[in-house]
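Okay, structure first, notes after.
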Amino acid sequence: MIFYIDVINACNSHCRYCYRSIFRTKRREYDQMAPKLLDCIIMKASRENPNGLTVGLYNWSEPFLHDQIGILVGVVKRYGVRCVLSSNFSLNLDDKLQSVFENGLDELIVSVSGFTQKTYGKYHAGGNIELVKRNLRLAAEIEQRDGTHRTVVHFIDFEYNHAEKVVFKSFCEELNVNFLSKKNTYNHLHNDTGEVSAYFDKRDHYGNHSCSLL
């Protein structure tokens, strides 16, 4: 069983088709889950699901914005549970990346959609691809030292970014970082050019209510 837990109510990116970008949450941004609360959740979850439990400390948020993300990973690992993070990686990680690895993170998913800023910015609005690549180099250095392969790049595949997928794969191979191409799920909604989609740009498309899952 997989538990997805948002540990912070915020994201630094505004990806197209992401519910956090489309909907407006009524909660105050940057509310952070306390380690004590996560401990209570994992204690109950691990007790009721003793076999094969995985916890993803992400869903509609950017987990590395949490001030204590390394400690939260450690909370999960104390119960012998597999722990996964998913990040846009487009932020200054400071010592947080080292901290999550030291606390036993099992897998780090990095979502990208281009190798150049022009292409990357079409989907990952507000992101900085050079910062992403710098952080990937740092992750590769850490993994080289500890002999692990916990980082995997998920390249979101559109028609307009096919050429850069090949370049990004080569970049990951040079770093010895895992690479996975994932076909986007939005081709039936627009012509896949990377231009603004009228379908999703209408903020009232889903009515005047917020997503209850945020």
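The values are calculated or read from the model by the stated rules, or taken from the named source; none is laboratory data. The shown structure was predicted, so the numbers you read here are calculated from the model rather than taken from an experiment. Reconstructed Cβ throughout: ideal geometry from the backbone, glycine too, with neighbour counts over all protein chains shown. Accessible surface areas use protein heavy atoms only, side chains included; no ligands, DNA or RNA. Shrake-Rupley method; radii C 1.70, N 1.55, O 1.52, S 1.80 Å.
Consider C18 carefully, then state whether it is open to solvent by less than 60 Å² (accessible area, probe 1.4 Å) and modelled with pLDDT under 95. Before you say what the answer is, go through the steps one by one.
Numbers: open to solvent by less than 60 Å² (accessible area, probe 1.4 Å): yes; modelled with pLDDT under 95: yes.
Yes.
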Those residues that are in a loop (DSSP other than H, G, I, E, B) and at pLDDT 95 or above, I need them from region 34-55; list them, please.
A34
Matching residues, region 56-76, being open to solvent by less than 60 Å² (accessible area, probe 1.4 Å) and either in a helix (DSSP H, G or I) or among the aliphatic types (A, V, I, L, M) (or both)
L57, P63, F64, L65, I69, G70, L72, V73, G74, V75, V76
May I ask you to list the residues in region 102-143 that are open to solvent by 10 Å² or more (accessible area, probe 1.4 Å) and among the aromatic types (F, W, Y)?
F115, Y123
Residues of region 144-172 satisfying the condition of being closer than 28 Å to V73 by Cα, buried (at least 20 other Cβ atoms within 10 Å of the Cβ) and polar (S, T, N, Q)
T151
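This table checks each residue for (1) within 22 Å of N92 (Cα to Cα); (2) at pLDDT below 95.
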| residue | (1), (2) |
| --- | --- |
| F115 | yes, no |
| Y120 | yes, no |
| L131 | yes, no |
| T148 | no, yes |
| E174 | no, no |
Condition check for C83: at pLDDT 95 or above and either open to solvent by 30 Å² or more (accessible area, probe 1.4 Å) or acidic (D, E) (or both):
no
